[in-house]
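The next block holds one structure in the form of structure tokens; read it before the comments.
The values are calculated or read from the model by the stated rules, or taken from the named source; none is laboratory data. Predicted model, so just to flag it, every value in this text is computed and none were measured. Cβ sites come from the backbone with ideal geometry, for glycine too, and all protein chains shown count toward neighbours. What goes into the accessible areas is simple: the full protein's heavy atoms, side chains included, and nothing from ligands, DNA or RNA. Shrake-Rupley method; radii C 1.70, N 1.55, O 1.52, S 1.80 Å.
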Amino acid sequence: MEICRTKAEMRAVVRGWRRKGETIAVVPTMGYLHEGHLSLVRKAKAEADRVVTTIFVNPTQFGPNEDLDTYPRDEARDQALLEQDAVDAVFMPSVEEMYGAGGDTYVEVPGLSAILQGALRPGHFRGVSTVVSKLFNIVTPDIAVFGEKDYQQLVLIKQMVRDLDAPLKIIGHPTVREADGLAMSSRNVRLSSEQRKEALALSQSLNEAEQLAKGAPQITDLEAAVRGSLSDAPLGKVESVDIRDAETLAELGGALDRPAVILLAVRFGTVLLIDQRVVSPAT
Ligand code: AMP
């Protein structure tokens, strides 16, 4: 496995593959890898000749009061996991390497950036779309794989690629969960044991909502049911429960009449957990 710490090293590796006519898939991550990330890597391997995983804790997508400094990191363990999964190259640049003396150009998807998580985290999605564009320009992949866990991010990246005619295909991959249903996240290690138990309420509320959705309920009733179920976790502060069109994230009203995504954000202490589920009325 090639370890590339500079853009020049990464580009040289890619040039070698391109000369042989090989296709490339990229899996962007912030490291501290878990089975969720590795499932994206396996999907990427199934779709292209070569797989690059990027590991970069991107400062521009963290707000001033967010967990940039405490975001978990373990380079050696990440490398060992990627090696086991036969990743071809890992791109792990420093902040200086990525941003140099600072940039003056941003990529922004203003509509999708301003809503939902974007409204709670100003600047977050501008940081994401800018760094992902930079990674695409450095790795020049044919395919990029993103998790449905970060559902708004996936919808936004698809829109960005469409709007800019970026020459690659975006693939979304289902959320991987712990045995008890908690969505895997690098942040889960920072939950206390009490918080960890209560964090199950997220996936449980989504399971219940999935059943309810089959009866084509009023959107407001579905939301009330999810909030009710989340109240089983008094240590969690519910930041948002949103039910939106699964494809466009447009607001929905009246009775559920199409696939919708339920998006949850619940804060346990300093740890923000998110989860999502696409639900549909029974046909
Ligand atoms: P992160 O390192 O949290 O930025 O995540 C990197 C990529 O892995 C993103 O596309 C995430 O959506 C995806 N991802 C994170 N957690 C999971 C999970 N539990 N299952 C599937 N994909 C995930």
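Beta bridges assigned by DSSP with both partners in the chain are antiparallel in approximately 50 percent of cases.
Per residue, the chain reaches -11500 deg cm²/dmol at 222 nm when only DSSP H runs of four or more residues are counted, each adding -39500 (n - 2.57).
Note on Arg258/Glu210: beta-carbon distance plugged into 1/(1 + (r/R0)^6) with R0 of 22 Å gives a FRET efficiency of 0.90. Residue-wise HN-Hα couplings along the range 273-278, as the Karplus relation 6.51 cos²θ - 1.76 cosθ + 1.60 with θ = phi - 60° gives them from phi, are 9, 10, 7, 8, 8, 8 Hz; Gly and Pro carry x. Once the Cα atoms are used to define both axes, helix 124-139 deviates from the longest principal axis of the chain by about 30 degrees.
When exposed loop sites are taken as trypsin sites (Lys or Arg not before Pro) in a DSSP loop with at most 15 other Cβ atoms within 10 Å, the longest stretch of the chain clear of them is 74-213.
Report, in degrees rounded to the nearest 10, the 0 to 90 angle that the Cα long axis of helix 151-164 makes with the longest principal axis of the chain. Tilt of helix 151-164: around 50 degrees. Accessible surface of Asp180, taken over heavy atoms with a 1.4 Å probe and every protein chain present, rounds to 70 Å². Classify the range 206-277 as rounded, prolate or oblate, taking a ≥ b ≥ c as the square roots of the eigenvalues of its Cα gyration tensor: rounded when a/c is under 1.5, otherwise prolate if a/b is larger than b/c and oblate if not. Cα axes put the range 206-277 in the prolate bin.
Which of the three applies to the range 1-55, rounded, prolate or oblate, going by the alpha-carbon gyration tensor with a ≥ b ≥ c and a/c under 1.5 meaning rounded?
Oblate.
Using a 1.4 Å probe on the protein chains only, how many percent of the accessible area of the chain belongs to carbon and sulfur? Here it works out to 50 percent. Is the chain best put as rounded, prolate or oblate by its Cα gyration tensor, with a ≥ b ≥ c the root eigenvalues, rounded for a/c under 1.5, and otherwise prolate when a/b is larger than b/c, oblate when not? In terms of gyration-tensor shape, prolate.
Helix 7-19 axis versus longest C-alpha principal axis of the chain: approximately 80°, rounded to the nearest ten.
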